[in-house]
Amino acid sequence: MAIEWVEIAKLSSKIGEKVQIKGWLWNKRFSGKIGFLQLRDGSGFIQGIIEKALIGEEIFENAKKTKYESSVIVEGTVRKDERSPIGVEISVENYEIISEPETDYPISNKDHGIDFLMEQRHLWLRSRRQYNILAVRSEIIKAVREFYYSKGFTLIDTPIFTGSIGESAGNTFEMEYFDYGKVYLAQTGQLYLEAAAMSFGKVFNLGPTFRAEKSKTRRHLIEFWMNEAEVAFYQHEDNIKLQEELVEYVVQSVLKNAKDHLISLERDISKLENIKAPFPRITYTDAIKKLQEKGYEITWGEDIGAEHETEIASWFDRPVVVEKYPKDMKAFYMQPDPENPDVVLCDDMLAPEGYGEIIGASERIWDKETLIKRLTESNLDPEEYKWYLELREFGSVPHSGFGMGIERVVAWLCGLKHIREAIPFPRTLYRVYP
RNA sequence: UCCGGCUUAGCUCAGCGGUAGAGCGGAUGGCUGUUAACCAUUAGGUCGGGGGUUCGAAUCCCUCAGCCGGAGCCA
């Protein structure tokens, strides 16, 4: 009878049994007649103990010479061992190489520069740290979807190719679309979600977004994944509550389902455990006042810069909701505050520990004339927004929504210094390879 | 795009006007409990490209390129 192929993650329930594992050799150490094979198979990592006396000279020497990242099949007996970080080891009884590299694997356990690693991104994904980060990302996205489905939302996939319609002009990727003329890569799916919300009530999307901004910071990617939600009849307060519930759900789900990955990443878990709604709130106006008191040179009407954002976030140990920004610095579609027409019913959620904005949100203008007025004031052509304006003609209702940057959430929860590690293949200002 | 910085062995870096260095990785050998294993031996370089200053340049100056960090914009 063939030996059972078992994933490394499931080996702790196979103690004393003879099993087969299929994976890769990511490191090895030899000490005379005993060797330690560091194996991984995608489900986890384990150490294989190989002894010359047990396995014979030929296989032992073969194992000793195997290059890093060779793919191998190992058979052996699972053993409980206190010295193993996962509590079990495998005593190797058979060792077979499936494919051995001809040249040495370029990534070592020592330090590498970021440019070198990004050039090797297709291989770097195998490294333990990257493996843990992307596993957390997967868990985050799963939690986002679970959240919306559990709340009765409908998934609406918004288009990647769009006409000249978006939040603002000037930062879109432009391309020829057969004889139609110019089209643009989506910088937001919001306008389409607004249309769908008038059919389904509660809708969300989750997909890639493109911004042709020459951004060169630790918080920006050219291609990034965004989750947007839009709800008919929701107003400013309902909107904030939804965001808080979403973020709490995502954080708590990741803590529950991906804790081991966070620990491997040496993330301070205690900073995430208290992420429970409701979150602290501050208006833009109060934030400016407080910044001024702290000695910052900023006046009402000026945008909150990265430095200010970090300062505001440092006042709290949970994400903070900054609401009601001046209308002139925000997108055309945001609903003016009835109590103060100089500000709009919007909010940004800033993650703690300097991670900055993770959500941008607002109540949308639902009155057609106000919307046309704001479009014109923003130097946008109402003609281009024909279908969007029609939504305000047929049974228009107050509605609200927001967008959450997936990579920013990944960076925050994993404690990353730079967002480029939060996506499998980052597209940055000067890199589209691999 | 703007402001800084970096570019020396496969990788990470030291050297900063007078014969090109280390650690890791590679190769060879040793070691039966290693955790970035260790010990010994060894191979490996047009010092990013071009120009200049100098008796002499990896080192000083100019220029180009690539990359990194930060700003703005935003998720």
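Kindly evaluate A:G401 against the criterion of being open to solvent by less than 10 Å² (accessible area, probe 1.4 Å), farther than 18 Å from A:L242 by Cβ, in contact with a helix residue (DSSP H, G or I) (Cβ under 7 Å, 6 or more places away or on another chain) and in the same structural domain as A:K216 (by TED's automatic domain parsing).
Judged against the criteria, A:G401 is not a match.
Scanning region A:275-324 for residues that are more than 13 Å from RNA strand B (Cβ to nearest atom), in contact (Cβ under 8 Å) with a residue 40 or more places away in the chain and of a type in the set (D, E), which turns out surrounded by the fewest Cβ atoms within 10 Å (Cβ to Cβ)?
Here the residue is A:D317.
Can you tell me which residue in region A:94-115 is farthest from RNA strand B (Cβ to nearest atom), limited to those that are hydrophobic (A, V, I, L, M, F, W, C) and out of contact with any strand residue (DSSP E or B) (no Cβ under 8 Å at 6 or more places or on another chain)?
A:I107
If a residue must be farther than 30 Å from A:Y430 by Cβ and either modelled with pLDDT under 90 or not β-branched (V, I, T) (or both), how many such residues does region A:75-117 contain?
Of the residues in that region, 20 qualify.
Just to be sure, is A:E174 closer than 27 Å to A:K330 by Cα and either exposed (fewer than 14 other Cβ atoms within 10 Å of the Cβ) or modelled with pLDDT of 95 or more (or both)?
Taking the combined requirement at face value, the residue satisfies it.
Might you let me know whether region A:385-402 holds any residue that is outside any helix (DSSP H, G or I), modelled with pLDDT of 95 or more and within 20 Å of A:R211 (Cβ to Cβ)?
yes
How about region A:194-239: which of its residues are under 19 Å from A:V144 (Cα atoms), within 13 Å of RNA strand B (Cβ to nearest atom) and not charged (D, E, K, R)?
Scanning region A:194-239 gives A:N205, A:L206, A:G207, A:P208, A:T209, A:F224, A:W225, A:M226, A:N227, A:A229.
Within region A:329-382, which residues are open to solvent by 20 Å² or more (accessible area, probe 1.4 Å), within 11 Å of RNA strand B (Cβ to nearest atom) and among the charged types (D, E, K, R)?
Of everything in region A:329-382, those that are open to solvent by 20 Å² or more (accessible area, probe 1.4 Å), within 11 Å of RNA strand B (Cβ to nearest atom) and among the charged types (D, E, K, R) turn out to be A:K330, A:E357.
Starting from region A:248-266, keep only residues that are under 12 Å from A:R128 (Cβ atoms), then list their pairs with residues that are open to solvent by less than 50 Å² (accessible area, probe 1.4 Å) and assigned to a helix (DSSP H, G or I) whose Cβ atoms are within a distance under 6 Å, requiring at least 6 positions of separation or different chains.
From residues that are under 12 Å from A:R128 (Cβ atoms), the pairs are A:H261/A:N132; A:H261/A:A135; A:H261/A:V136; A:S264/A:N132; A:L265/A:N132; A:L265/A:C414.
The values are calculated or read from the model by the stated rules, or taken from the named source; none is laboratory data. Everything quoted here is computed from the prediction, not taken from an experiment. Glycine also receives a Cβ, built like all others from the backbone with ideal geometry; neighbour counts cover every protein chain displayed. We work out accessible area using only protein heavy atoms, side chains counted, and drop any ligands, DNA or RNA first. Shrake-Rupley method; radii C 1.70, N 1.55, O 1.52, S 1.80 Å.
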